[in-house]
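Reviewing the structure listed below.
Readers should treat all values here as calculations from the given coordinates under stated rules, not as data from a laboratory. The shown structure was predicted, so the numbers you read here are calculated from the model rather than taken from an experiment. We place every Cβ from the backbone using ideal geometry, glycine too, and count neighbours over all the protein chains shown.
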């Protein structure tokens, strides 16, 4: 009996050691693995559709699904990235050569808002210095965006390798996904019912988050870029993409762009355009977020808005862009695990106290 216990302890220790070593080996490739799993989960209905169309040919269905993903997701994102990089480069060149200036100078502020100028100077803040800092900041931001194109070229080899690794893993996750899931459920020692519930929650939150992120970002980016173009604001496409990216953040999102833009328009004398942008942003752009996000994200994930916001921000902090999806997934799994704990162990605790 003692020998059996020793063997069991040694085996569990070996299992833990080998598992940690394996996780350490695949750690640098965590993001490709994660996105392959998420894309396989999101597009598994597409895989099943192709499989039926191809008479049950799983390999052909996997290849067809990957081609579909590349055409409807990867190619459009790549083209948008090129447009943004090109426009950011143009803005940087114009700022650097002096062809493009800030819409408001220190003298404009002094003439239009003398009380503000006096208030700032009372605390030792020079309007000229403030203008120079704002101008340098704008130049630095545009330079950062413009040089991303160069950085992309320098990291093209690594990025291409990770991209094809994601597609390679995606092929096997689509083809063998059902079998892999069954084997994982059979091996994990927390109970098949619990495991299936956790995997189901992972799938629900992945679909809802990506679906909501893509749709909301696309709608808000298009609406924001359109109104900026109508009002004659420079680099409308660039700002549209910035609003689309910021729409990842619930509650605030695109307003971080169009609210300051509206205020700047009104302060610089374009009151009608500023009011129009403010009304359009409040009624149309924000409405898209307030209506679509609960329908696409909150309803499917069954998480409060503040949980979605905090987990999204935390995910962005720890995992970068992948955290937009990974953060809410961790939050949903956290809530699900504690809900299962309450359902299974709270009655036992109550009975023991009684």
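Taking label points 7 Å from Cα along the Cα-to-Cβ direction, residue 9 and residue 73 give a separation of 4.7 nm. Computed from the C-beta positions of residue 181 and residue 161 and an R0 of 22 Å, the FRET efficiency is 0.20 to the nearest 0.05. As a rough footprinting exposure proxy, the listed residues 176, 192 were ranked by other beta carbons within 10 Å of their own, and the order from fewest upward is 192, 176. Legend: ranking of residues 44, 168, 306 from fewest to most surrounding C-beta atoms inside 10 Å; resulting order 306, 168, 44.
Shown for 239, 35, 338, 49: other C-beta atoms within 10 Å of each C-beta, ranked fewest to most, produce the order 338, 49, 35, 239. Each part gets one Cα centre, and for the stretch 210-228 versus the stretch 159-199 those centres are 31 Å apart. Using 0.36 nm per residue and subtracting the Cα-Cα separation, the extra length available between residue 23 and residue 334 on full extension is 109.8 nm. Spin-label pair residue 58-residue 259: with each label point 7 Å from Cα along the Cα-Cβ axis, the two points sit 5.1 nm from one another.
Per the Cα gyration tensor, the stretch 190-340 maps to an equivalent ellipsoid with semi-axes of 36, 13, 12 Å, ordered largest to smallest.
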